[in-house]
Structures are given as C-alpha cells and as structure tokens.
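Report on the structure given below.
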Amino acid sequence: MKENTPSDETKLFTKKVSRRKMLKTAGVGGIGVVIGASGIGGLLTLSDSRAKGQTKDIVPFYGAHQAGITTETQDNLYFASLEVTTDKRSDLIQLFKDWTEAAAQMTAGNLVGEASLNANMPPKDTGEAKELSPSNLTITFGVGPTLFSKDGKDRFGLKSKKPAELNALPKFPMDALEDSWSGGDICIQACADDLQVAFHAVRNLVRIGRGKTIIHWAQTGFQRTKQADSGKTTPRNLFGFKDGTVNPDTNDGSEMNEHVWVKVGDGPDWLVGGSYMVVRRIQMYIEVWDRTILKEQENTFGRHRDSGAPLGMKNEFDRVDLEAKDSNGNQIIPENSHMSLSRGDGKAKILRRPYSYADGMDPKTGSFNAGLLFICFQRNPSKQFIPIQERLAKNDKLNEYIVHRGSAIFACLPGVKKGGYIGDSLFG
Amino acid sequence: MKKAKASLAVLLSTSLLFGCAQENEGTKPADDKAKEKSVSKLDDVSREYREYAINEIEEFVQATEEFTTAVSAGDLEKAKEVYAPARMHYERAEPIAEVFGDLDPKIDAREGDVKDEEWGGYHRIEMGLWQENTTKGYEKYAKQLMSDVNLLRAKVETVDVTPDLLITGAVDLLNEVSTSKVTGEEDRYSHTDLYDFVANVEGAEKIFELLTPALKEKDAKLAEEIQQRFDEVYALLEKHKEGDGYISYTDLKKSEVKELSQAIDALAEPLSQIGIVTEES
C-alpha cells in the first residue's frame with residue numbers, strides 16, 4: 001500500500017465496550033429494559049465496530065503520508081472547506097486530536113466514539129454507516145493560508161510557520177471566482193467507494209468541530225464506479241473525454257517524491273511528507289458542449305474521444321508528438337488544445353485526483369449545474385499548478401466550454417504515526 | 001408550533017431512569033444513597049423549572065389580555081406593539097406549553113399548519129394586523145385566543161415536569177429556532193421572529209442554568225463550554241437590538257442569518273449532552 005504500511009494499528013483503535021462499563025451504565029438510560037428482554041449475553045456482543053470482522057477495503061490511516069493523495073482513487077468524494085471560528089490555539093489542537101482519533105476509527109470501518117448506553121444523550125456516531133464496509137475510506141486534512149494569518153492577524157501563533165508556497169492562487173485570466181466557493185482555513189477530503197460512507201465521515205468530523213469550525217463550502221463528487229468499469233480504464237469527464245492519461249505513476253515512489261511530496265529544504269520542516277493541494281471548482285457548459293461537432297471537441301482536447309489517443313494516433317497511451325503535421329503542413333494537435341497547453345515542456349507534472357460533480361439545475365439559466373471538482377497535488381505550486389494554469393487560462397480552447405467558479409489551496413499535512421495526531425508537526 | 005411531539009411520549013419515566021440500577025452487579029448501599037441524592041436533586045430542579053414555566057404562562061395570560069383587548073377595541077397600533085413581547089412568554093415556556101397538544105395549535109398555529117377554517121390564534125391575528133392592517137373582523141379570534149390561553153393557564157398546573165422533559169426541552173427549544181425562526185417562517189407577516197428567537201434561547205438557558213450544578217459534578221468542562229456558547233449567541237443577538245426590541249427579520253442580511261443559525265448549531269451540539277446528568281457518578 002505504497003507509503004502507508006499496512007498494520008493492525010487500526011484494529012487496536014477499535015474500542016469495545018467493556019463488560020464492566022456495560023454493567024455500570026446498564027441501569028441508566030433505559031437499557032435495563034433490554035437486559036430483561038435479551039439477557040446480558042446479547043449486550044456483550046455490542047461493540048462499535050461497523051461491519052464485523054472487516055479487514056478488506058481498508059486503506060491504512062497511519063503512515064508517513066496521509067492517505068487520499070497517492071492511494072488509489074475511490075469512486076466518491078465528499079469535500080468540505082471549513083472556517084475556523086474559535087480563536088483559541090488550544091481548541092484547534094484539541095480539534096485535530098479529536099479528528100485524528102475519529103478518522104482512525106472511521107477509516108478502519110468503526111463507529112465514532114464509544115458506544116453509549118445512555119438513552120438521554122444523542123449517540124456519538126450518527127449511524128448512517130453502520131453495517132457498511134470501510135469502503136476504502138480515506139480522510140485527508142489540509143490547512144489553508146488563512147489559518148496562518150487572516151486580515152494581517154496572526155490567529156493562532158502560526159504566522160511564522162506559513163510556507164512561502166501557501167498563498168491564495170493568483171487571479172488567472174477568465175476566472176469567475178465566487179467567494180462562496182473559494183478558500184477555507186481547513187479542508188477535509190473524504191473519499192470512499194460509497195458516498196454514504198464518505199458523507200458520514202465528513203458529517204461526523206464537522207459535528208465534532210461544531211462550535212470551533214463552520215462549513216465554508218462543501219461538494220460531493222463522483223467518478224465512474226469500479227463496478228461499472230472493472231477494467232480500471234482512465235475515467236472520463238462529463239465532456240466524455242478520458243481525463244488523467246498522463247498522470248504520474250502513483251506506484252513509482254521516486255516520481256511521487258519528485259512531484260508530489262514536500263521534501264526537506266522545500267520550505268518549513270513541519271510540512272515535509274505533506275503535499276500542496278489545489279482545488280478548482282470548474283463549471284462545465286454541458287449544453288454548449290453537447291452541440292459542438294466531434295471534430296471541434298477533439299481539437300479542443302487534442303485527443304480522439306473514443307480511444308483517448310492523441311490526435312493522429314491509435315491508442316490512448318501512444319506517444320504524443322506535438323510537432324506532427326498533416327499532409328497540408330498543419331499541426332495535427334492544435335497548439336491551443338487542452339493537452340498541448342497542459343503539457344508545456346513536459347517537465348512540470350501534477351498529480352490529478354479530480355471528481356465530477358452534478359448539483360441539479362442552475363436556477364438562473366435552467367441549465368445543468370455540473371462540472372469538475374479539479375483536485376491536484378504537488379510539491380511546489382509556483383512551479384507546477386500555477387504556470388500550467390497560466391498557460392491554460394490564456395489560450396486553452398476548452399475555455400469556451402468551462403468557467404472556474406471556485407479556487408482554494410491547502411497544505412495537506414504529513415502523515416501521522418500512531419499516538420500522534422494530524423498536525424502535530426505544525427503545532428508541536 | 002411544534003411539528004411533532006413524539007419525543008416526550010417515548011421518553012422513559014424517572015422511575016425507570018433511576019430506579020433499576022440497584023439490580024446490577026456490585027451496587028453498594030452507599031451508591032444507593034448517592035443516587036437518591038442525585039435523583040432528589042434533579043427532582044428539585046424539575047420543581048424549580050415548573051415554577052419558572054408557570055410564571056411565564058401567568059405573564060403570558062396578562063400580556064395576551066392586553067393584546068386581545070387592543071384587538072377587540074380596534075387599537076391597531078397597540079395590538080402591533082404588544083404582539084411580539086407577549087409571545088415571548090409563550091416561547092420561553094414552550095416545552096411546557098406544548099405538552100397540551102390540542103391547545104398549542106389553537107394558540108400558535110401558522111397558516112397552513114391546520115385547516116383554514118380551524119386556523120385562529122396569534123398568527124391569524126398577526127396576518128390581519130400586518131397584512132391587512134386592520135383589527136376589523138379579528139375580534140372573534142381575539143376572544144377565542146383569550147379563552148384558549150386561560151385554559152392553558154388552568155391546565156398547566158397539572159403538568160408533571162420530569163427530568164426527561166427538561167433534558168429534551170432545552171434542545172427542543174433550540175431546534176425550534178433552527179427549523180422555524182431561522183427561516184423567518186414563524187412571524188411571516190410581522191417579521192418579529194427575532195423576539196421568538198431570543199425567547200427560545202432564554203427558555204433553553206433557564207433549563208441549563210437549573211441543571212448547571214448537577215452538570216458541573218459530571219462534566220465541568222461541558223458546563224463551561226455550553227455557557228460560552230450561550231454567551232456567543234447573545235452577543236450576536238445583541239447586534240440586532242433596536243430600542244427595547246429587535247429589528248425586523250427582513251432587515252437581516254443573508255450572512256447574518258447564517259451566522260445566527262450556525263451559532264445555534266454550535267450551542268445545541270454540546271447542550272444535547274446534558275443528559276449526562278442522569279448517569280451514575
């Protein structure tokens with residue numbers, strides 16, 4: 001499992017309700033009735049594990065890096081950008097500790113918190129993931145520039161720790177950003193092969209943070225499911241084109257080290273082993289695209305739609321020759337095609353991990369409100385995403401069919417060892 | 001008005017809550033004493049709350065008298081003036097007031113909550129005062145309202161206030177805020193929703209205040225956190241004060257409504273943990 005060594009650490013985190021505790025609380029909250037009905041034996045089978053004996057479909061939570069970055073992309077996403085409302089540093093640290101514990105439990109397929117038998121209190125876990133498989137849930141935490149300083153204010157004594165690379169992205173040409181879809185102090189990216197499991201994760205974390213954080217914006221995302229595409233071919237975006245053909249290989253550790261993970265010397269040491277995440281909420285003009293002729297669609301991406309092959313080639317992974325010309329001397333792959341501009345000189349690479357979204361209808365236009373929640377990871381935004389996006393924003397033929405509505409950047413914290421907490425290198 | 005009041009019905013009685021623990025392993029007589037002490041403490045709290053609620057209903061009767069008299073006398077301005085403050089007494093005592101499932105809709109139903117021909121009470125008159133700008137034709141509703149409120153006052157004496165009712169009541173009051181006040185649906189003609197909002201919060205705070213000593217014994221940190229969140233909600237409400245009252249709900253910016261809503265969520269979450277007072281130490 002790449003950098004996250006599988007272990008049974010997650011299992012150790014599973015809290016069983018002890019028999020003693022059970023008996024102690026049994027008289028309270030009405031469980032006495034249950035004792036009468038089913039006997040103690042029935043009660044002792046209670047635990048907070050969700051689907052009993054699950055070891056499959058678990059992505060290890062602990063490790064050198066957070067999961068959800070180079071680990072295999074799951075079918076569904078629930079993404080939340082949060083604002084911190086507390087002004088106490090101690091609250092923030094406690095929150096990350098509580099989140100770490102809950103995230104470790106949920107990714108292992110367990111319920112949050114200890115099962116309480118007091119019927120006079122709401123259950124600790126919200127319950128909708130009960131009986132469900134761990135579904136390869138990953139929970140990835142990141143911190144935005146405004147956590148370090150906002151309106152010039154050093155909010156949590158972190159200002160001096162802000163990485164030089166962690167800044168709100170520059171305004172690119174054609175951007176139509178909305179505040180309600182941009183920025184955030186903290187992000188939680190929950191990915192799972194089941195949307196209910198992903199939602200459950202974010203919901204419970206937001207609940208734990210209530211009073212200390214509020215949701216700034218949130219978005220669900222989807223891809224074709226593993227079930228629908230057992231061959232694991234490159235997923236297609238909502239324009240019908242394969243998206244992610246030239247992504248760096250997440251199984252290649254040295255490539256990940258070169259392009260994704262922050263290294264010693266890149267910036268502050270607390271982020272070593274972490275990664276910068278860029279999020280762009282890109283609305284796609286679905287109806288406009290649907291009436292665009294195939295030739296134009298393919299020239300826009302620089303690829304054939306059906307095969308995903310570079311224009312003029314047969315297969316998806318065929319070599320890309322940007323200089324190739326047709327018999328009339330015209331470039332086969334237009335210079336302003338999305339592929340050509342994304343590639344540039346081919347040196348700067350980002351790890352893309354995007355999800356499509358579909359949020360019903362745009363009430364203003366009656367059109368679909370759908371698009372891409374573009375998410376990418378990198379070691380150095382100023383050398384990776386930013387120059388790539390500058391090229392795209394200026395010339396990309398695709399700009400006729402899309403518009404960037406939201407933008408955010410987060411420093412995804414390094415992984416956590418058992419006993420530590422997400423963010424301990426930052427706060428410690 | 002409450003949408004559903006099932007929660008009270010399914011709650012366990014006090015005797016079940018506290019009565020059967022001694023059947024369990026290793027309970028010593030000393031524990032029993034401690035338990036008895038905590039039970040009687042909660043019973044004291046329930047008694048105090050009962051007094052508080054009855055007092056609010058008593059004031060509600062007087063304020064309703066003033067309101068209905070103004071309506072019957074055709075004094076439009078006076079009726080408008082006393083409408084919102086009068087309702088605050090009811091909203092504070094809502095966990096008790098709405099125990100009477102037949103009276104609550106008569107007093108507090110909003111348009112569409114009940115069949116049109118059955119619709120009366122405060123909000124029916126509110127529609128006349130603000131939308132039609134008249135008291136004319138509403139005298140009969142005023143008369144009926146007064147008689148329903150008097151009946152409520154008489155019946156409220158019979159309420160058995162249990163710790164369960166307190167525990168759910170506090171959060172229920174805030175849920176009222178979240179589901180109908182925050183949306184501006186409560187007082188849709190007068191837009192005096194902030195009065196009801198404040199009264200619900202005050203009613204919840206009273207319960208918290210009464211339970212605080214018991215709560216501190218179980219979880220002092222929780223008690224402190226809840227108090228802090230109440231303070232934060234009041235600080236936000238303070239910004240919307242105008243004279244002795246509050247600004248019109250329609251004058252709130254979208255962002256201010258969201259801010260209030262999220263502050264209520266932040267308060268209600270820890271407040272929902274107060275059931276811990278029913279646990280053994």
For peptide B:261-271, how many partner chain Cβ atoms fall within 10 Å of a residue's Cβ, on average? 3
Summing -39500 (n - 2.57) over every DSSP H run of at least 4 residues in chain A and dividing by its residue count gives a helix-only mean residue ellipticity at 222 nm, to the nearest 500 deg cm²/dmol, of -7000 deg cm²/dmol
Which entries of A:Lys88/B:Lys218; B:Lys41/B:Lys218; A:Lys88/A:Lys150 show an alpha-carbon separation above 22 angstrom in the structure shown? A:Lys88/B:Lys218
For chain A, with a Gaussian network of springs between Cα atoms less than 10 Å apart, report the residue from A:Leu111, A:Leu169, A:Leu271 with the top mean-square fluctuation. A:Leu169
With Cα coordinates, the longest principal axis of chain B makes an angle with the long axis of helix B:163-176, in degrees rounded to 10, of 40 degrees
Ratio for segment B:181-281, C-alpha Rg to 2.2 N^0.38 Å, reads 1.20
Normalised alpha carbon radius of gyration of the protein assembly as shown [divisor 2.2 N^0.38 Å]: 1.13
Note down, for segment A:135-175, the three equivalent ellipsoid semi-axes (square root of 5 times each alpha carbon gyration tensor eigenvalue), biggest first, whole angstrom. 23, 20, 9
Would you check segment B:54-193 for Lys pairs whose C-alpha atoms are within less than 17 Å, ignoring same-chain pairs closer than 8 in sequence, and give me the count? 8
Two-decimal Rg/Rh across segment A:232-345, once Rg and the Kirkwood Rh are taken from alpha-carbon atoms: 1.06
Let me know the shape class of segment A:46-205, please: from the alpha-carbon gyration tensor, a ≥ b ≥ c as square roots of the eigenvalues, rounded when a/c is under 1.5, otherwise prolate if a/b is greater than b/c, or oblate. prolate
May I have the pair-distance distribution P(r) for segment A:314-428, computed from all Cα-Cα distances with 5 Å bins from 0 and rounded to whole percent? 2, 8, 12, 17, 16, 14, 11, 9, 6, 3, 1, 1, 0, 0
For the ranges A:396-407, B:83-94, A:326-337, what's the packing order if you count other beta-carbon atoms within 10 Å of each residue, average per peptide, and put the highest first? B:83-94, A:396-407, A:326-337
From the cross-link list A:Lys153/B:Lys241; A:Lys161/A:Lys263; A:Lys97/B:Lys258; A:Lys97/A:Lys171, which pairs have alpha carbons spaced over 25 Å apart? A:Lys153/B:Lys241; A:Lys97/B:Lys258; A:Lys97/A:Lys171
Cα Rg, Dmax (largest Cα-Cα span) when computed across chain B, Å: 20.2, 71
Given the options B:Glu238, B:Glu65, B:Glu176, state which has the largest fluctuation in a GNM of chain B using a 10 Å cut-off (strictly under) for Cα springs. B:Glu238
Candidates A:Arg281, A:Arg291, A:Arg224, ranked by Gaussian network fluctuation over chain A, Cα under 10 Å, top entry: A:Arg291
Segment A:9-427 - convex hull of the alpha-carbon atoms, volume per residue in Å³: 163 Å³
Per-residue average of other protein chain Cβ atoms inside 10 Å, peptide A:118-126 -> 5
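Just so you know, all these numbers are worked out from the coordinates, no wet-lab data involved. Everything numeric in this text was worked out from a predicted model, so none of it was measured. Using ideal geometry, Cβ is built from the backbone for each residue, glycine included, and neighbour counts are taken over all protein chains shown.
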